[in-house]
Amino acid sequence: MRRLSILSFVRPSLATSTARTLLRVGVGFRTDACVSPIAWANVFRRYGNRRPPFVSQPAEDRPIRRLRSRISDHGLLLAVLCLLFLAGCKPRGTPVERGITDQILYRSLSADPSDLDPHLVTGLPGINVTSALFEGLVTESPVDLHPVAGVAESWEISPEALIYTFHLRSNARWSNGQAVTAHDFVASCQRALTPALGASNLEFIDPVRNARAYRLGRLTDFTQVGITAPDARTVRIQLEHPTPYFLSLLTHPIWFPVYLPALEKSGSPTARDNRWTRPATFVGNGPFTLKEWNPGTLILAEKSPTYWDASTVRLRAIRFLPATSVDTEERSFRAGQVHITEALPLARLEAYRREKNPALTVSPFLDTYFYRLNVTHPILNEVKVRRALSLALDRRLINETILRGQQRPAFSFTPPDCTTGYVPPSLVLNDTITARALLTEAGYPGGHGLPPFELLINISGNHQIIAEAVQAMWQHELGLDVRIVSMEQSAALEQRRNLTYQILRSDWAADYPDPKAFLEIFTSDAESNHTGWKNEKYDALLAEADRTADPANRFALLQRAETILLDESPLIPIYHLSTVRLVHPAVKGWYPTLLDHHPYKHVWLEAVK
């Protein structure tokens, strides 16, 4: 029942007495209405102690036996509405409580996604949403993320591990009911690789024969790229070299199919400003489909009735709520507004620890928090300046005092537990004496002669407090003037894409457990490089590692490449992340994973007993 404006004029004393009277005479009523305290305040402001003009006399002044015959039409309506107020104002439960009953998950996002196009998403917020709306050839086990059947119900791998043949399900459907075909996957791959689109994360397609040449414009005939559809239910992919983790690559959004007829209705399929991902025109093939998108406020995904495995999906909907800050997330959790936060304010961590709050979840994560340096900048193009900036930071101090010891100081770019057998070089140290000497050698003793630097961060998470610590260290140790610039993530990503920043807060989460997942983003032509840094020897070592079958020899090549990366310092590693968030105990099917992926089709809500 809607809240009626008439209730804004009722005095509380009148409401109470009238409701009691109606209870005694047995007037029928509904109990789903409620009036806010603001409405009552409006009454007093307007009428004070006088009765509203539409009420002839307070009900308590009349004998009950005369109520039915003498109450006016207005009075009866008013009395019923008053009773609705009293009955309806009983606690109705928080969104979290209602969500448990209705199987609606409320999940906070660290920022507002700039896009929901799977070929254009770049940050974790967008990936967290698109993984609910689309599905690739393979998907992930919710427990350990090993590849399992997705749109493809089975596949074969050739003896030399160069040809993968996938067989699609006959009941795979788009959200509009149309069949998902092998041709959809081939056309989607061509669209992603088209240079005009400028897609991100194309490194995940590079193992495919001629894919890299096509995306770089060196090859224009897509039929030469190693992905074909022999028939409507078969996808065949030929690789340049054996790639042991190739099936895991296929779970990334860049490999998700898109329904090209939907894109064509909204414009060119390769136009970055195509608005096909709005609810009115959206078509996906995942366990959920897009029903509402209010940028900055809400993304609503509802269970898709056309999904091939709909019987497994227990959630009826997911409400993704972009947060303006990590403090807002935590307050929303305490207020019963969200089941899951993306992070936790550092200042609140100890309190949750002391309380042994079951919602506090800390788990390992293959993710490195770092600062990108724009090497096209006329001062940051000097490697001695970049090395000085890196050496001046006390990462242990940042971890112990700012991060409350929950993260690990980063002495390399690749996390130490990325995969068994790989030991990253620990070259990122705290050496302020060498840092000052390098700055002097570069011609800036004590920081003299250097203009102010801008450190760009996005407005979310704990980035501000970390940036302030870095700012203080650079000022104290090197005499630098560093100015922190905060902006929304979409604006920060645009500056990253256009190389118009100087120093940029970044992080990189692996999409498969291998050091290449980190190192490949800094190859010269990687779409995710965003620093302007290029090194031919680095590129050659990674290419040689791709062609090396022996794991020990391969890791040795990757170590040499990472050593070059750290020596050249186009980035400054700060710490390796663990996920620290709040997860309501009612959330089930949510397992700690190294990649922090949580397939929503296996998540459900269950009341805590």
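The values are calculated or read from the model by the stated rules, or taken from the named source; none is laboratory data. Being a predicted model, the structure only gives us computed values, none of them experimental. Note: ideal-geometry Cβ built from the backbone for every residue, glycine included; neighbour counts use all protein chains shown.
Identify the single condition in (1) within 28 Å of the chain's Cα centre (by Cα); (2) under 26 Å from residue 452 (Cα atoms); (3) at pLDDT 95 or above that residue 388 does not satisfy, given that it satisfies every other one. (1) is the only condition that residue 388 fails.
Checking the stated criteria, residue 223 turns out to be more than 30 Å from residue 113 (Cα to Cα), out of contact with any Cys (no Cβ under 7 Å at 6 or more places or on another chain) and in a helix (DSSP H, G or I).
Filter the stretch 531-575 down to the residues that are outside any helix (DSSP H, G or I) and modelled with pLDDT under 95, then identify the one that is surrounded by the fewest Cβ atoms within 10 Å (Cβ to Cβ). So the residue we want is 550.
If we scan the stretch 458-476, do we find a residue that is free of Cβ contacts under 8 Å to residues at least 60 places away in the same chain, out of contact with any Cys (no Cβ under 8 Å at 6 or more places or on another chain) and closer than 24 Å to residue 115 by Cβ?
Of the stretch 458-476, the ones free of Cβ contacts under 8 Å to residues at least 60 places away in the same chain are 463-464, 467-468, 471-472, 475-476.
Retained after the next criterion (residues that are out of contact with any Cys (no Cβ under 8 Å at 6 or more places or on another chain)): 463-464, 467-468, 471-472, 475-476.
Okay, now just the ones that are also closer than 24 Å to residue 115 by Cβ, so 463.
The answer is yes, given that some residue of the stretch 458-476 is free of Cβ contacts under 8 Å to residues at least 60 places away in the same chain, out of contact with any Cys (no Cβ under 8 Å at 6 or more places or on another chain) and closer than 24 Å to residue 115 by Cβ.
Hey, among 211, 229, which residue is without any contact (Cβ under 8 Å) to a residue 60 or more places away in the chain, among the aliphatic types (A, V, I, L, M) and in contact with a His (Cβ under 8 Å, 6 or more places away or on another chain)?
Details: 211 fails: in contact with a His (Cβ under 8 Å, 6 or more places away or on another chain).
Only one candidate qualifies: 229.
Strands (runs of 3 or more DSSP E) fully within the stretch 438-522 that include at least 3 residues being more than 20 Å from residue 532 (Cα to Cα): 482-487.
Kindly check whether there is at least one residue in the stretch 345-365 that is in a loop (DSSP other than H, G, I, E, B) and β-branched (Val, Ile, Thr).
Of the stretch 345-365, the ones in a loop (DSSP other than H, G, I, E, B) are 345, 356-359.
From what is left, the residues that are β-branched (Val, Ile, Thr) are none.
So far as the stretch 345-365 goes, no, none of its residues is in a loop (DSSP other than H, G, I, E, B) and β-branched (Val, Ile, Thr).
Just to be sure before I move on: is residue 242 touching a residue at least 24 places away in the same chain (Cβ under 8 Å), touching a Lys or Arg at 6+ places or on another chain (Cβ under 9 Å) and assigned by TED's automatic domain parsing to the domain that holds residue 177 in the structure I sent? Here the answer is yes, as residue 242 does meet what is asked.
Comparison of 327, 273 shows that the only residue that is in the same structural domain as residue 112 (by TED's automatic domain parsing) and closer than 29 Å to residue 531 by Cβ is 273.
Applying a threshold of 9 Å to beta carbon distances and a minimum spacing of six or more residues, or different chains, the list of pairs starting in the stretch 555-577 at a residue that is farther than 24 Å from residue 595 by Cα and touching a residue at least 24 places away in the same chain (Cβ under 8 Å) and ending at one that is aromatic (Phe, Trp, Tyr) and part of a helix (DSSP H, G or I) reads 564/538; 568/538; 570/522. Residues in the stretch 495-530 that are crowded, with 19+ Cβ neighbours inside 10 Å and hydroxyl-bearing (Ser, Thr, Tyr): 501, 506, 512, 523.
Would you check if residue 483 is basic (Lys, Arg), over 30 Å from the mean Cα position of the chain (by Cα) and under 20 Å from residue 379 (Cα atoms)? It is false that residue 483 is basic (Lys, Arg), over 30 Å from the mean Cα position of the chain (by Cα) and under 20 Å from residue 379 (Cα atoms).
Would you call residue 391 buried (at least 20 other Cβ atoms within 10 Å of the Cβ) and at negative phi?
Numbers: buried (at least 20 other Cβ atoms within 10 Å of the Cβ): yes; at negative phi: yes.
Judged against the criteria, residue 391 is a match.
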